[in-house]
Amino acid sequence: MARLHEYQGKAILAANGFKIPRGRAALNPDDAVSAAKELGGEVVIKIQAWTTGRAGIGGVTFSKKPDEVRDHAKRMLAMKVGQFPVEAVLVEEKIDIAREFFLSLAIDDAARAPVIIFAAGGGTGIEERAASTYRIPCDVKSGPSDSVLNDAISGCGLPKNQAKQLAESVRKLFGAAKGVEARSLEINPLVLTKSGEFVAADCRVTIDDYAVARHPELKIEIAREFDHPPTALERVAYAVEQNDHRGTFYFAQLATSAAKDSKGLAGFHGAGGGGSMMSMDAIVNAGFTIANFTDTSGNPSASKVYRAARIILAQPDLVGYFGSGSGVASQEQYWSAYGLAKAFWELDLDIPAVIRLGGNTEDRAVDILQRMSKLLHAPVEGYRKTDTPAFIAERFSKLVANAGGAKWKPRPPRTPDFIRTKSATNFKVKGGRIWVDTARWPEIRSFVEAQSSGLIIDRNGAPAPALAPEEFATKDSELLMCSTECRMSGVEGCYLQLDVPGLDEIVGGAR
């Protein structure tokens, strides 16, 4: 889930009619002091972090003097919550509280509808007061059930006008959550001030991952939960996934150095959740530290698998590349094999790789990897679904031992010399270009036409796309296969160049 900080959630609430405390987020102590002076009087300073119980870790404090605000902000901005550094504090006016209430909207997966939890009492410990809470059913379109809402409000002992305001707050909660497609939106507490106003004193918001793209105004960088701030490679990987929805791609960095007594860092490339977990266990049991978790499944494009491999191999000090998934994937495994083979050649792989591509067309996939291995400086071994993760992990261990301690150094991809000549022509594809050497076209024409499945044909003695540009551009995986077959067969003059936006800044451009 994509989580928002408190100040971001309160902006959503304010836009939906809630009254929120006066204040603003500050990124440094001076800014915090300025915010406190603008407010005047006593203020509260709160760390902006995705955690509960902030007061218990020194993340919430009150202050009457600007100098105290500076000291508190300086201390808080030096804190870390888990692996996340605190990058902002929220400075707000102190509220005179008469009563507290708890409001929360969440998606009830069983009912396939939102449900609102309401309690006449908020703050910490709300989970232990379940007996005094109300579950208010919501229609997906119209919101909370009036009958249950009225029953819940009537039991609060409020004057009629305040009861009406509270009921309106509950309805506003539904509207706020629906407007940003929140998976959950919690106000704890919703306070009734001594002056008779309802104010959202604190809030927590999570946005449905699949809704993030529809809400650019929220400025959510990555719609995933990590236990650390997103790394540069995780940002690159997320952009790849967003630009190519053929199959799934998940990448998370786990370690940048091997654990003590480990045999070294292993780049991990899985396919399918359960099989990947089993394969990760196998490689850990074999004595390795996993550098990353990567998953390409759901019938991914060859181009997506290629980019995933490029990102894995942007990590330094790997002793090997270990790929293993479920073994029963209902996807054509030769596409993944072509994607891996292309990445391995371009990066001139010199650490061992063991790849298990069990499932449809696994024999063809293994053959592709074996053929590419002959062009590399390190062994690449392919395995089938009948080869267990434990077996291939043992094989991986032997290959790494034979490599004599070699460690991977990330490098830019190499490209054929001909693409820099005047005789090179190119045609646009999704995220790249297919290059053909017109000087060699007569000798490579029949091979290219066959391997591209007729996507590139001869027209007046020169190579040309067989389809309209818009349709041709979607055939990047088929053209990747053609390009890789040319490379493995020693046919010079056809090459697919695929971009991985942001990766050049990390490891450099093409060689």
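The values are calculated or read from the model by the stated rules, or taken from the named source; none is laboratory data. This is a predicted model, so every value here is computed, not measured. Quick reminder, even Gly has a Cβ in these numbers, built from the backbone with ideal geometry, and neighbours come from all protein chains shown.
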Out of V180, V240, I need the residue that is assigned by TED's automatic domain parsing to the domain that holds D108 and in contact (Cβ under 8 Å) with a residue 12 or more places away in the chain. Which one? V180
Testing L166 on (1) part of a strand (DSSP E or B); (2) modelled with pLDDT of 95 or more; (3) among the hydrophobic types (A, V, I, L, M, F, W, C), one condition comes back false. Which one is that? (1)
Single residue of A36, A26, A55, A49 found to be modelled with pLDDT under 95 and surrounded by 14 or more Cβ atoms within 10 Å (Cβ to Cβ): A49
Inside the range 379-393, can you point out the residues that are of a type outside the set (V, I, T) and not in a strand (DSSP E or B)? P379, R384, K385, D387, P389, A390, F391, A393
Verdict on V429 being modelled with pLDDT of 95 or more and in contact with a strand residue (DSSP E or B) (Cβ under 6 Å, 6 or more places away or on another chain): no
Which numbered condition A343 misses (of (1) under 18 Å from R310 (Cα atoms); (2) among the small types (G, A, S); (3) not in a helix (DSSP H, G or I)): (3)
Here is a check on your reading of the model: is D295 surrounded by fewer than 20 Cβ atoms within 10 Å (Cβ to Cβ) and either touching a residue at least 40 places away in the same chain (Cβ under 8 Å) or within 22 Å of K263 (Cβ to Cβ) (or both)? no
Kindly indicate whether R411 is buried (at least 24 other Cβ atoms within 10 Å of the Cβ), among the charged types (D, E, K, R) and within 19 Å of A308 (Cα to Cα). no
Can you pull out every residue in the range 479-503 that is part of a strand (DSSP E or B), of a type outside the set (F, W, Y) and over 27 Å from E234 (Cα atoms)? C494
So for the range 433-442 (the condition being assigned to a helix (DSSP H, G or I), modelled with pLDDT of 95 or more, out of contact with any helix residue (DSSP H, G or I) (no Cβ under 7 Å at 6 or more places or on another chain) and more than 30 Å from A282 (Cα to Cα)), does at least one residue qualify? yes
Would you check which residues across the range 446-478 are surrounded by fewer than 17 Cβ atoms within 10 Å (Cβ to Cβ) and assigned to a strand (DSSP E or B) and list them? I457, D458, R459, A462, A464
Residue in the range 396-411 that is under 18 Å from S276 (Cα atoms) and either free of Cβ contacts under 8 Å to residues at least 40 places away in the same chain or touching a Phe, Trp or Tyr at 6+ places or on another chain (Cβ under 7 Å) (or both) present: yes
It is to be established whether one or more residues within the range 359-372 are part of a loop (DSSP other than H, G, I, E, B), outside the structural domain of L496 (by TED's automatic domain parsing), modelled with pLDDT of 95 or more and more than 26 Å from the chain's Cα centre (by Cα). no
Of all residues in the range 257-289, which are aliphatic (A, V, I, L, M), in contact (Cβ under 8 Å) with a residue 12 or more places away in the chain and surrounded by fewer than 22 Cβ atoms within 10 Å (Cβ to Cβ)? A258, A259, M278, M280, A282, A286
Give me a count of the residues in the range 1-56 that are over 29 Å from the mean Cα position of the chain (by Cα) and of a type in the set (D, E, K, R). 7
Looking at (1) touching a strand residue (DSSP E or B) at 6+ places or on another chain (Cβ under 8 Å); (2) farther than 29 Å from S132 by Cβ, which is the one condition that is false for K94? (2)
It is to be established whether one or more residues within the range 16-23 are aromatic (F, W, Y), surrounded by 13 or more Cβ atoms within 10 Å (Cβ to Cβ) and within 16 Å of A200 (Cβ to Cβ). yes
Across the range 297-323, the tally of residues that are in a strand (DSSP E or B) and modelled with pLDDT under 95 stands at 1
Got a sec? Which strands (runs of 3 or more DSSP E) wholly within the range 197-273 have at least 2 residues that are within 27 Å of E332 (Cβ to Cβ)? 248-253, 265-269
Across the range 243-275, what is the total count of residues that are more than 16 Å from I311 (Cβ to Cβ) and either modelled with pLDDT under 95 or among the small types (G, A, S) (or both)? 13
Could you check how many residues of the range 423-444 are small (G, A, S) and over 15 Å from S483 (Cβ atoms)? 2
Identity of the residue in the range 101-135, at pLDDT below 60 and surrounded by 12 or more Cβ atoms within 10 Å (Cβ to Cβ), that ends up farthest from K10 (Cα to Cα): R129
For K74, indicate whether it is more than 20 Å from Y7 (Cβ to Cβ) and either in contact with a Lys or Arg (Cβ under 9 Å, 6 or more places away or on another chain) or of a type in the set (D, E, K, R) (or both). no
Taking the conditions exactly as written (in contact with a His (Cβ under 9 Å, 6 or more places away or on another chain) and touching a residue at least 60 places away in the same chain (Cβ under 8 Å)), does F84 satisfy them or not? yes
Residues that are on the phi > 0 side of the Ramachandran plot and either modelled with pLDDT of 95 or more or in contact with a helix residue (DSSP H, G or I) (Cβ under 9 Å, 6 or more places away or on another chain) (or both): does the range 219-227 have at least one? yes
